[in-house]
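Coordinate-derived values only; no laboratory data. For clarity, every value in this text was computed on a predicted model and none was experimentally measured. Glycine gets a Cβ as well: all are built from the backbone with ideal geometry, and neighbour counts include every protein chain shown.
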Amino acid sequence: MATTRPRVLQYGKMPLTQLDAELAQAYEVSILSEQPDPERFLAEHGGQFEYAVTSAAMGLPAGVVDALPNLKFVSSFGVGFDALDKDALLRRGARVGYTPGVLDDCVADLAFALLLDATRGLSESDRFVRRGDWSQSRFGIRTRASGKRLGILGMGRIGSTVARRASGFDMEVAYHNRRPVEGSPHQYLPSLLELARWADILVITAAGGEGTRHLVNAEVLAALGPQGFLVNVARGSVVDEAALADALENKRIAGAGLDVFEDEPRPLPALLALDNVVLAPHIASGTHETRRAMADLVLHNLQQFIATGRPAAEVPWSAAQ
Ligand code: 8YV
């Protein structure tokens with residue numbers, strides 16, 4: 001007797017190839033982005049899917065949710081959920097699982113890699129050596145990172161992991177958040193502007209979405225000042241990227257390390273020409289260990305939902321339904 005495996009709509013290829021294979025083994029998977037005519041595919045087959053899989057980067061637009069009238073659950077690869085259409089999903093009554101917790105260490109590690117690179121000019125020094133400039137001149141001296149004041153915007157799981165790393169660098173930590181975090185040993189500053197004024201280095205670990213859009217603007221960058229550094233491992237949307245490029249170009253801040261951009265994969269061209277910014281292609285969670293753990297949670301959330309009607313880790317607005 002043929003067993004019927006649940007049908008799953010995969011929005012696109014996953015950030016770990018192995019996960020594509022594991023999903024295809026356990027479920028009857030259709031990958032929407034691989035269909036010759038995705039819109040027509042949805043119109044013809046959308047009603048057959050109760051489950052969907054996507055990633056934080058791909059998200060899930062309202063047009064797709066609306067074309068899946070029987071959608072019950074979405075399992076998303078990633079901790080951010082700003083690219084999944086909340087209103088459409090709530091209208092549909094679909095629940096959403098995600099992968100918090102398992103990527104905190106690697107994202108905090110990359111925040112520190114960018115912080116050290118930006119302050120010490122590591123990427124720039126690499127270009128200097130490769131160009132053969134070392135035989136003609138000295139590489140300029142840079143800014144010490146240890147012992148500096150570290151401001152954290154967004155004291156969630158990732159922010160507090162960054163704060164733990166900071167103690168090894170003898171840094172003083174303060175943070176700004178929507179509200180003070182109970183039990184946090186760090187100083188809470190009630191406005192981002194105050195935090196930027198106080199900090200030598202400002203690290204962004206706040207969630208993306210409309211509530212945080214362009215929080216870091218020209219005024220905040222001016223408050224950070226010409227000796228200040230900005231690191232962003234959260235979402236490009238939190239920063240006004242044009243204002244940042246302008247501040248870097250005109251030395252209104254000293255430097256920046258960015259893993260995320262407003263329009264990925266297209267960083268603002270003005271940034272590409274600058275030596276005082278380190279650019280990474282959204283790789284903070286991109287280690288074998290972390291991507292494996294994220295994939296396991298994507299699979300586990302899907303299994304749990306099918307078995308019990310609740311995923312192991314559920315996006316807050318989904319859980320509140
Ligand atoms: C991933 C991310 O790169 O978790 C997130 O929210 O942005 C990153 O960890 C992303 O999920 C890959 O799609």
**Study point:** Estimated dipole of the chain in Debye, rounded to 20 [Cβ of Lys and Arg +1, of Asp and Glu -1, Cα centre]
**Key:** 620 debye
Practice item. Report the charge-dipole magnitude of the range 1-128 in Debye, nearest 20, computed about the Cα centre from +1 at each Lys and Arg Cβ and -1 at each Asp and Glu Cβ. Key: 400 debye
Review point. How much length, in nm to one decimal, is gained on full extension between THR4 and PHE169, taken as 0.36 nm per residue of separation minus their Cα-Cα distance?
Key: 53.9 nm
**Study point:** Estimated inter-spin distance, HIS214 and LEU90, nm [label 7 Å along Cα→Cβ]
**Key:** 2.4 nm
Study note, to complete from the structure: Here, GluC sites (Glu not before Pro) of the range 91-193 satisfying both criteria (DSSP loop; at most 10 other Cβ within 10 Å) are GLU182
Check your understanding: What lysines sit close enough to LYS13 to cross-link, taking a C-alpha to C-alpha distance under 24 Å and skipping anything fewer than 8 places away on the same chain?
Key -> LYS72, LYS86
Study note, to complete from the structure: Percent of all Cα-Cα pairs per 10 Å bin for the chain, counting from 0 up to the last occupied bin, reads 6, 25, 29, 21, 13, 4, 1, 0
Practice item. Filter the chymotrypsin sites (Phe, Trp or Tyr not before Pro) in the range 168-205 down to the DSSP loop ones having no more than 12 other Cβ atoms within 10 Å, then list what survives. Key: none
Study note, to complete from the structure: Checked the range 227-271 against the a/c 1.5 cut and the a/b vs b/c comparison, axes a ≥ b ≥ c from its Cα gyration tensor; verdict oblate
Practice item. Multiply the residue separation of ARG292 and ALA24 by 0.36 nm, subtract the distance between their alpha-carbon atoms, and state the gained length in nm to one decimal. Key: 94.8 nm
Check your understanding: By count of other Cβ within 10 Å, fewest leading, how are ILE204, ILE253, ILE31 ordered?
Key -> ILE31, ILE253, ILE204
Check your understanding: log₁₀ I(q)/I(0) of the range 245-291 at q = 0.19, 0.21, 0.23, 0.32 Å⁻¹, via Debye over equal Cα point scatterers, no solvent, to two decimals?
Key -> -0.63, -0.72, -0.82, -1.22
Point to revise | Length released on extending from VAL181 to SER146, taking residue separation times 0.36 nm less the Cα-Cα span | key: 10.1 nm
**Study point:** Farthest positive-ward along the chain dipole, Cα basis, beta-carbon charges - from ALA83, LEU244, PHE229
**Key:** PHE229
Study note, to complete from the structure: Most exposed first, judged by fewest Cβ atoms within 10 angstrom, THR4, THR119, THR54 run THR4, THR119, THR54
Check your understanding: What is the distance, in nm, between label points placed 7 Å from the Cα along the Cα-to-Cβ direction at LEU279 and at TRP134?
Key -> 2.6 nm
